[in-house]
Amino acid sequence: MRRGRVFILFALILLVGAVAAFLVLGGTGSSEPEVVAAPTPIGEAEIVIAAQNIARGSLIPPEAVITSPFPADYKVETMLDDPGQVIGKRARMDIARGVPVTENMITDEAGDLLPVGSDASIAIPQGFTAIAMPMDRFSGVAFAIREGDQVDVLVSLLMVDLDTEFQSELPNEGMFLFSSDGELLNAVSCRAVETNEAGELVCGATERPPTIGLLQFDDVSGQDYYVGPSGPQRPRLVTQRMISSATVLGVGDFPLEQAEQLVTVIAVAEEEGVGAPAGGQAQEGAAEQPVIEPPDIITLIVSPQDALALNWAINGGLDLTLTLRSPNDPTPELDTDSVTLQFLIDNYDIAIPSKLPYGTEPRLTTKDFEFPPDLEPAVEEPQ
């Protein structure tokens, strides 16, 4: 009796659950299942793309372009969809294989080409400019400099005293004025010549002493005399840092496209045996090794004002030396003092030799420095 009641209770629970499920799953609405809308596919369009690399300025042949499907939503109005719009035109720029061809990439006029510029110009920051300067292994830090390095430019120059009127080295030469008969009229330099009452030429500045020497007075004889130099004026050397933290854009000559093509042609000709020496092929292992030419020029990125100063120094024949800096040097820029002979004596504890009543034998005149061949100083021939 008790088992029958349990079965009846279980059956009622199943019935109530079935009714509830019917009401929740759609018993109150339509009996048809809800349909979820599928996403609308993006349409496709045909565009013209490059089937091969097309060089700037070349005529585009039929085999150089093809049509390819492209998402319509991403197509822009400058893209072309007909190969006939491209074939027979000239490329205004280099077009790589697989790149969509647009209206601004082609032209009908041979002279209407899009200038792309050089890769080197891209590395120059705004407000700066690049300038080249000569370099050897001494001034170029023994050829340790590479592209991207930071360098300083030092300048050394020899200073001389000039006459402001003649712009010639001092001292000026003294002049003696003679008459037409060879008679010495005066022994002073003449800045102007005039004619006296007798019609003779005389110096118009007789009160001025000769400019070739300095007027001195001899206490013993009580006479004035003139002291002149025993040789030409000795220039005074000074060195200073002219440009700080310049970026190296390139070391040596930048490669030229024609030069690269020529090297490629020569290499292909050698591989094919063209130009082999007469009488047979070259012996194995006898090929000449390529000769590495050291660079003699360097290109720096500087401010426009520093470029002007560097150009003046180059044209003025001044001595320029590069110094290599550490990358990203956090040291603040410090002002430097111009270095002269007096600066060396005052700051580097250099003693001035005394004038002694004795000396060494053989006599020391000039120290013989052995310069490298490319740094041998030029010797002026006596005139």
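We did not get these values from a lab; they are worked out from the coordinates using the rules stated. Every value quoted in this text rests on a predicted model; they were computed, and no experiment measured them. Please note: Cβ atoms are built from the backbone with ideal geometry, for glycine as well, and neighbour counts cover all protein chains shown.
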I'd like the FRET efficiency for residue 52 and residue 297, computed as 1/(1 + (r/R0)^6) with the beta carbon distance as r and R0 of 51 Å, rounded to 0.05.
0.85
If we count every other residue with Cβ under 12 angstrom of residue 71's Cβ, Lys/Arg +1 and Asp/Glu -1, where does the sum land?
-2
Provide 234, 56 in ascending order of the number of other Cβ atoms located within 10 Å of each residue's Cβ, fewest first.
234, 56
Near the amide H of residue 44, under 5 Å away, which other amide H atoms are found, from residues 5 or more places off or on another chain, if H is placed in the peptide plane?
72
Could you work out the local net charge near residue 310, counting Lys and Arg as +1, Asp and Glu as -1, over the other residues with Cβ closer than 15 Å to its Cβ?
-2
Residue by residue, what Karplus-based ³J(HN,Hα) values in Hz, rounded to whole numbers, does segment 328-341 have, using 6.51, -1.76 and 1.60 with θ = phi - 60° and x for Gly and Pro?
6, 5, x, 5, x, 5, 10, 5, 10, 9, 5, 9, 10, 4
Rank-order 150-157, 93-100, 338-345 by packing density, defined as the average count of other C-beta atoms within 10 Å over each peptide's residues, highest first.
150-157, 93-100, 338-345
Whole-number value, in Å³ per residue, for the convex hull of the alpha carbons of segment 44-107 is 66 Å³
